[in-house]
Amino acid sequence: MKKILTGIKPTGDFTLGNYIGAIKQMVSMQEEYDSYLFVADLHALTIPQDPKELHERLKKFIAMYIACGIDPKKNTIYLQSENEYIPAMSYLLECTTQYGEASRMIQFKEKSKEHSNFSVGLLTYPVLMAADILYCDADYVPVGIDQKQHVELARDIAERFNHRYGDTFVLPEPMISKSGVKIRDLKDPTKKMSKSEENPQGVISMFDTKEDIEKKIMRATTDSDNQIKYDMDHKPGISNLLNIASSITGRTIEELEKEFDGQGYGTFKKYVASITSEHIMKIQEKYQQLLNGKELDQILDEGIQKSRTLAKGKYDLMKQRMGVIR
Ligand code: ATP
Ligand code: MG
């Protein structure tokens, strides 16, 4: 069975975009692949975080993964920070990564401009990500297009290590979903919905109340021609709502266009608001049960045990190959 691995940074509330773009994709692949899913809490630290808020998000994210359909029996689920071999491996990999390679990463260039006095961690972030991927010999890494360059760097680092020290790592490949839609911000549908967005009116959090979800959808920015037609270039607002409705119900865009033909935006928005809020409320019901139960700790204990065993094996092998062993 081929292995896939992915993680989400707990930098803000888990959004409808993360659900549709990342988690639903993992759910659809969990039968066919040996799947690893983690909360990338060490990655969140590369940008300043409030420790209390960050701490509270960790278990919320795990409970949300499972409430969204991730099966703990088919996935290895863990917190990145509980595996101490991963940052240890990352150091060894830093010594096989060129400074030029790391500083050429687009995300580093962008984020280092946004934050004055940015941390060294921001520069070494992709190397830590390489350790995340390489320790368990992941074959594929399902990510959004913004992360493709980092997975390719992980592959380059692995190739160099294998060449220099002998075969140690499987070479990973990014897996960019063809059908994977990018959910847009409801207030500004020209940009993507992001958990670090300042204005919450355009972002649906998976923790929002039913009323808030409905209000945000009813107030979503749309054009004025009142035609329910998919056209991302000219009608991004209504196209985004069509994408959301289609992802949630499994119905095609064409079917939805036909059903709502001539009915106007108000009726269509009411429909999208109702199916989306109902869908999220069902997930939240499961989420609440998980958050209050004991199951979560058991899932994390099992996940981290498996993850640490694999990482220790890989770390020891790397040290041996590099000559730093007694
Ligand atoms: P941040 O604003 O901190 O970058 P984010 O919402 O972009 O947060 P990430 O942790 O960067 O979330 O990404 C987690 C996963 O969710 C990635 O696989 C990414 O491709 C996917 N994703 C993020 N936003 C969207 C979106 N709007 N539509 C579809 N997929 C998304
Ligand atoms: Mg992002």
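The values are calculated or read from the model by the stated rules, or taken from the named source; none is laboratory data. Just so we're clear, the structure is a prediction, and the values are computed from it rather than from any experiment. Glycine also receives a Cβ, built like all others from the backbone with ideal geometry; neighbour counts cover every protein chain displayed. Heads up: the accessible areas ignore ligands, DNA and RNA and are worked out on the full protein's heavy atoms, side chains in. Shrake-Rupley method; radii C 1.70, N 1.55, O 1.52, S 1.80 Å.
Observations on the model:
- Subset of region 215-226 [under 20 Å from GLU259 (Cβ atoms) and crowded, with 16+ Cβ neighbours inside 10 Å]: ILE217, ALA220, THR222
- Screening region 160-208 for residues that are surrounded by fewer than 17 Cβ atoms within 10 Å (Cβ to Cβ) and of a type in the set (Asp, Glu) and picking the one that is nearest to ARG57 (Cα to Cα) gives GLU198.
- Exclusive hit being more than 16 Å from ligand 1 (Cβ to nearest atom), touching a residue at least 24 places away in the same chain (Cβ under 8 Å) and not in a helix (DSSP H, G or I), set LYS187, LYS229, LYS182: LYS229
- Cross-chain or 6+ apart pairs with Cβ under 7 Å, region 90-114 first and farther than 28 Å from GLN320 by Cβ, then modelled with pLDDT under 95 and exposed (fewer than 11 other Cβ atoms within 10 Å of the Cβ): none
- Of the residues in region 147-155, none is buried (at least 22 other Cβ atoms within 10 Å of the Cβ) and either assigned to a loop (DSSP other than H, G, I, E, B) or more than 16 Å from ligand 1 (Cβ to nearest atom) (or both).
- Among (1) out of contact with any Phe, Trp or Tyr (no Cβ under 6 Å at 6 or more places or on another chain); (2) buried (at least 18 other Cβ atoms within 10 Å of the Cβ), the one test that GLU110 misses: (2)
- Residue in region 202-219 that is away from ligand 2 (no atom under 16 Å from the Cβ) and either farther than 30 Å from LEU290 by Cα or of a type in the set (Gly, Ala, Ser) (or both) present: yes
- Selection status of VAL127, open to solvent by less than 40 Å² (accessible area, probe 1.4 Å), β-branched (Val, Ile, Thr) and more than 14 Å from ligand 1 (Cβ to nearest atom): yes
- Residue among ASP41, ASP34, ASP13 that alone is closer than 19 Å to ASP208 by Cβ, surrounded by fewer than 23 Cβ atoms within 10 Å (Cβ to Cβ), touching a strand residue (DSSP E or B) at 6+ places or on another chain (Cβ under 9 Å) and charged (D, E, K, R): ASP13
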